[in-house]
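What follows draws every value from the coordinates through simple rules; no lab data is involved. On a predicted model such as this, the values are computed, not experimentally measured, just so you know. Positions of Cβ are backbone-derived with ideal geometry, glycine not excepted, and every protein chain shown enters the neighbour counts.
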Amino acid sequence: MNPFPYSDDNKRYHTLVYHNMKTYGGRVCKATVDAGLSCPNAGGCVFCAQTAPDTRSVEEQFAAEKSRILAKFPSAKILLYYGLRTNTNCSPERLRGMLLEAERLGAFAVSVATRPDCLDAEKARILAECPLPLTVELGLQTVHDDTAALINRGHTYADFLIGYELLKRHKIRVCVHIINGLPNETREMMLDTARALGKLRPDGVKIHSLHVLRGTKLHEMYQSGGYTPMEKDEYMDIVSRQLELMPPETVIERVTGDGDKSLLAAPRWSMDKISVLGGIDKRLADSDTYQGRLFDNEGIG
């Protein structure tokens, strides 16, 4: 019998599928669009591949994504996802217009991906006034400032906390991104990131493995022997342990990421998403553990 309360199948963590079914009564799919904005981080993170913006209008992109999704899931609700680059790196008027356009296009909900250092009180108020169900996806990646400096993240953990608290004061749903396998990070450092994040009780979390994409500074480090990607078993084990440290009500929106297959140099195992998901499920079941099992025991409940 599955001991985890936020599940109606074999999953021992709080999946996005379960959340959407219980909250919205059905499947919700993301239509990713490019708003044509840029990242304010000079030089970019070492793992970031600089891709050309989509020249189509948001309306054209959304229509194409909607058609693709409904061909596979005819009854799905469509969420418009401003998911490329930094989507609050614009004027307040532009941000307001983006949210209103999502409503005009008939989206069910909207998600906005951004950086914690690209938020202020006015933009938080505009986000809070969004006419649709809203999630802000906030990149953290690590709580360790030495690592953040090494990957040229461009902000500190303290900066992240300021942006996160600003959004939460406005009662905005926040999903935080973290990355496993960053340069020089040990297992304990990755668990420390999960432990610190759990204390914040985020609405959602996305966990990714670090992808080495061709054309990036990380790829140069990889080719020179200065960076070694995580092995598949190590990644699955660490994710399983991180889930134990997260509050059970936090929605785990992803436990593995998709790298651009045309650019991905390593780790190649990350392309086999089904195997990674199944391996995490098996580890949780074999250990008879589940999301949040160590949350109170860690003294952070």
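Brief remarks follow.
- Exposure proxy order (Cβ contacts within 10 Å, fewest to most) of Arg214, Arg169: Arg169, Arg214
- Cα shape, region 63-147, gyration tensor, a/c 1.5 rule: oblate
- Ranked Phe160, Phe108, Phe73, criterion: other C-beta atoms within 10 Å, fewest first: Phe73, Phe108, Phe160
- Calculated from backbone phi, Karplus (6.51, -1.76, 1.60) coupling profile of region 179-190 in Hz, x at Gly/Pro: 10, 9, x, 5, x, 6, 7, 8, 4, 5, 5, 5
- ³J(HN,Hα) computed for each position of region 276-291 - Karplus, 6.51 cos²θ - 1.76 cosθ + 1.60, integer Hz, glycine/proline x: 5, 4, x, x, 5, 4, 5, 4, 5, 5, 4, 8, 6, 10, 6, 4
- Counting only Cβ charges, +1 for Lys and Arg and -1 for Asp and Glu, the dipole size of the chain around its Cα centre is about 680 debye.
- Anisotropy class of region 1-88 from Cα gyration tensor, a/c 1.5 cut: oblate
- Cross-link reach is defined here as a Cα-Cα straight distance under 18 Å, omitting same-chain residues fewer than 8 places apart; for Lys30 the aspartates and glutamates meeting it are Asp54, Glu59, Glu60, Glu65, Glu101, Glu103, Glu137, Asp203, Glu253, Asp258, Asp260.
- Top of Leu105, Leu264, Leu80 by mean-square fluctuation, Gaussian network on the chain, Cα under 10 Å: Leu105
- Cα-based equivalent ellipsoid of the chain: semi-axis lengths in Å, sorted from largest, via gyration tensor: 28, 24, 20
- Calculated SAXS-style log₁₀ I(q)/I(0) at q = 0.09, 0.14, 0.19, 0.21 Å⁻¹ - region 170-291, Debye, Cα scatterers: -0.26, -0.61, -1.06, -1.22
- Note, ³J(HN,Hα) from phi for region 195-200, Karplus 6.51, -1.76, 1.60, rounded to Hz, x at Gly and Pro: 5, 5, 5, x, 4, 7
- Over 31 Å between alpha carbons, listed pairs Lys77/Lys123; Lys11/Lys171; Lys66/Lys199; Lys11/Lys66: Lys66/Lys199
- Less than 5 angstrom separates the built amide H of Asn180 from those of His208, Ser209, Leu210, all sequence-distant by 5 or more or on a different chain.
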